[in-house]
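Single-structure report; data block below.
The values are calculated or read from the model by the stated rules, or taken from the named source; none is laboratory data. Everything numeric in this text was worked out from a predicted model, so none of it was measured. Cβ atoms come from the backbone with ideal geometry, glycine included; neighbour counts cover every protein chain shown.
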Amino acid sequence: MKTLQDCQALDAQDPLRTLRDLFELPGGVTYLDGNSLGALPRAAAARVAAAVHQQWGMGLIRSWNDAGWFDMPGRLGDKIARLIGARPGEVVATDTTSINLYKVLSAALRIVRVDAPGRSVVVSERSNFPTDLYIAQALCQESSLRLHLMDGDDVEAALTPEVAVLMLTHVNYRTGAMHDMAAVTRAAQARGSLVVWDLAHSAGAVPVDLHAAGADFAVGCGYKYLNGGPGAPAFCWVHPRHTDRFWQPLAGWWGHAAPFEFTPEYRPAPGIARYLCGTQPILSMVALECGLDTVLAAEPLGGMAALRAKSLALTDLFIELVEQRCDGHGLGMATPLEHERRGSQLCLTRDVGSYAIVQALIARGVIGDFRAGDGGRYKDILRFGLTPLYTRHQDVWQAVEHLRQVLDTAEWQRPEFNQKHAVT
Ligand SMILES: *Cc1c(COP(=O)(O)O)cnc(C)c1O
């Protein structure tokens, strides 16, 4: 049986252990929610303060040129590209994941309308993050298309000749189950569909190679594993074979070929810049860049492959400790046991009390979160994000030990842990 000392010994040998020092983490807290809001990079406060005082305060309007503000979506996009198997000039950091999904899904549908006009179905999963489904519903409504939501895992069965676009999230936000991006992309394209990937729980969490997979479009989130701060800009990527074919419907001036010519006609910028819409939130961009730099700091230590190895070691440890220490408490495992099907989070199920157990853990300083089930196929989930940049083996040990105590003592049944908050 593994002890706390064993876990501390694993931390002492961890080749990535120094990366934790790049973050400001509060004492007395075991933070296992970096998949919802990444931790604060130590550099962020000073960099944002400098952007406020020097760039904004002193530089004023000149900072659009002098401080490189105008180039930030592309410059940050190039940093993101290194994490997702894209090339320089193919990614922009901009807007939100929801908005970027609207843009890329619209572009994908425009391409299909020309190349394969009979195709009228968008396919996704009922278990996908709801905003993705809402955006797809809205687009299908305005284009008289049908949205088909898969209930099971059989993607190939859903790929009928009517399918225009397959829109999937690579790592499921609730269960942490991961698709085989290359195999699914190949299967969809072989049947004539385009594929849009949402990398919200992948970028900075698991290795992604969009070019190796031959993907068509991708979007992702800046405030989860990329540590960009609350509401950080998201990103989008378009394969170069598609980028210049159409522009996206939110044709604002930042996506114009020459925004400062102020011409009345829209002329899309070449390349990924046409996926920009309006003026970017520069202070948030500055914070996002600090977050990206924390992930890129792993490059000399083995990069995403090393982060992945640690992430799997942490989720394996979590599973092992839950089996050893929480036996008989009715916990189920929602996260796949096979490594190649698992993202960077660990999800447990329990028939009753999941929400209250998470609240009791938070009161003890172990911060995970709760995701509601649908009363049917999907059970309520206790979710623990294991961000390999700053999560230690001893954090996993602490989390499972507190979970054991909360269950052993039935502490979770106390009324204060059974009141719902607005954000779960
Ligand atoms: C977190 C997440 C989002 C968030 O979208 P926002 O527009 O940033 O609110 C979208 N999709 C998925 C799959 C996510 O996990």
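Within the set of pairs 6+ apart or on separate chains, which have a first residue in the stretch 172-194 that is closer than 17 Å to PRO161 by Cβ, a second that is part of a helix (DSSP H, G or I), and C-beta atoms under 6 Å apart?
Within 6 Å, the pairs are ALA187/GLU156; LEU194/ALA108.
Matching residues to (1) in contact (Cβ under 8 Å) with a residue 40 or more places away in the chain; (2) in contact with a Leu (Cβ under 8 Å, 6 or more places away or on another chain); (3) among the polar types (S, T, N, Q):
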| position | (1), (2), (3) |
| --- | --- |
| TRP197 | no, yes, no |
| GLY220 | yes, yes, no |
| GLN248 | yes, no, yes |
| GLY255 | no, yes, no |
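Please tell me if HIS421 is of a type outside the set (D, E, K, R), farther than 22 Å from THR169 by Cβ and touching a Lys or Arg at 6+ places or on another chain (Cβ under 9 Å).
No: the conditions fail for HIS421.
So which residues in the stretch 169-182 are among the hydrophobic types (A, V, I, L, M, F, W, C) and either surrounded by fewer than 23 Cβ atoms within 10 Å (Cβ to Cβ) or in the same structural domain as LEU346 (by TED's automatic domain parsing) (or both)?
Selection gives ALA177, ALA182.
Would you confirm whether any residue within the stretch 255-265 is small (Gly, Ala, Ser), under 19 Å from the mean Cα position of the chain (by Cα) and more than 26 Å from ARG342 (Cα to Cα)?
No.
From ALA232, ALA269, grab the single residue that is assigned by TED's automatic domain parsing to the domain that holds VAL104 and surrounded by 24 or more Cβ atoms within 10 Å (Cβ to Cβ).
After ruling out the rest, the residue left standing is ALA232.
Please return the ranges of helices (runs of 4 or more DSSP H) entirely within the stretch 14-98 where 1 or more residues are of a type outside the set (A, V, I, L, M), surrounded by fewer than 21 Cβ atoms within 10 Å (Cβ to Cβ) and without any contact (Cβ under 8 Å) to a residue 60 or more places away in the chain.
Passing ranges, in order: 63-66, 72-84.
Those residues that are more than 14 Å from the ligand (Cβ to nearest atom), part of a loop (DSSP other than H, G, I, E, B) and out of contact with any helix residue (DSSP H, G or I) (no Cβ under 6 Å at 6 or more places or on another chain), I need them from the stretch 184-215; list them, please.
Across the stretch 184-215, the qualifying residues are ARG191, GLY192, SER193, ASP209.
Scan ARG245, ARG308, ARG325, ARG274 and give me the residue that is surrounded by fewer than 14 Cβ atoms within 10 Å (Cβ to Cβ) and either farther than 23 Å from GLN13 by Cβ or of a type outside the set (Ser, Thr, Tyr) (or both).
Result: ARG245 is the single residue among ARG245, ARG308, ARG325, ARG274 that is surrounded by fewer than 14 Cβ atoms within 10 Å (Cβ to Cβ) and either farther than 23 Å from GLN13 by Cβ or of a type outside the set (Ser, Thr, Tyr) (or both).
Based on what the data block shows, is ARG371 more than 22 Å from the chain's Cα centre (by Cα) and at pLDDT below 95?
In short, no.
Is it the case that the stretch 114-130 has a residue that's assigned to a helix (DSSP H, G or I), outside the structural domain of GLY375 (by TED's automatic domain parsing) and touching a helix residue (DSSP H, G or I) at 6+ places or on another chain (Cβ under 7 Å)?
Scanning the stretch 114-130, I find no residue that is assigned to a helix (DSSP H, G or I), outside the structural domain of GLY375 (by TED's automatic domain parsing) and touching a helix residue (DSSP H, G or I) at 6+ places or on another chain (Cβ under 7 Å), so the answer is no.
Exactly one of these conditions fails for ARG82: (1) within 16 Å of the ligand (Cβ to nearest atom); (2) under 27 Å from GLY303 (Cβ atoms); (3) among the basic types (Lys, Arg). Give me its number.
Result: ARG82 fails condition (1) only.
Identify all residues within the stretch 343-366 that are within 27 Å of HIS170 (Cβ to Cβ) and buried (at least 24 other Cβ atoms within 10 Å of the Cβ); write none if there are none.
GLY343, SER344, GLN345, LEU346, CYS347, LEU348, VAL358
Could you check ILE362 against (1) touching a strand residue (DSSP E or B) at 6+ places or on another chain (Cβ under 6 Å); (2) modelled with pLDDT of 95 or more and say which number it fails?
It is condition (1) that ILE362 fails.
Inside the stretch 378-406, can you point out the residues that are within 17 Å of ALA334 (Cα to Cα) and of a type in the set (D, E, K, R)?
LYS379, ASP380, ARG383
Within 13 Å of the ligand (Cβ to nearest atom), touching a helix residue (DSSP H, G or I) at 6+ places or on another chain (Cβ under 8 Å) and outside any helix (DSSP H, G or I) - does that describe any residue in the stretch 158-168?
Yes, some residue in the stretch 158-168 is within 13 Å of the ligand (Cβ to nearest atom), touching a helix residue (DSSP H, G or I) at 6+ places or on another chain (Cβ under 8 Å) and outside any helix (DSSP H, G or I).
Could you please let me know if THR175 is at pLDDT 95 or above and in a loop (DSSP other than H, G, I, E, B)?
No: the conditions fail for THR175.
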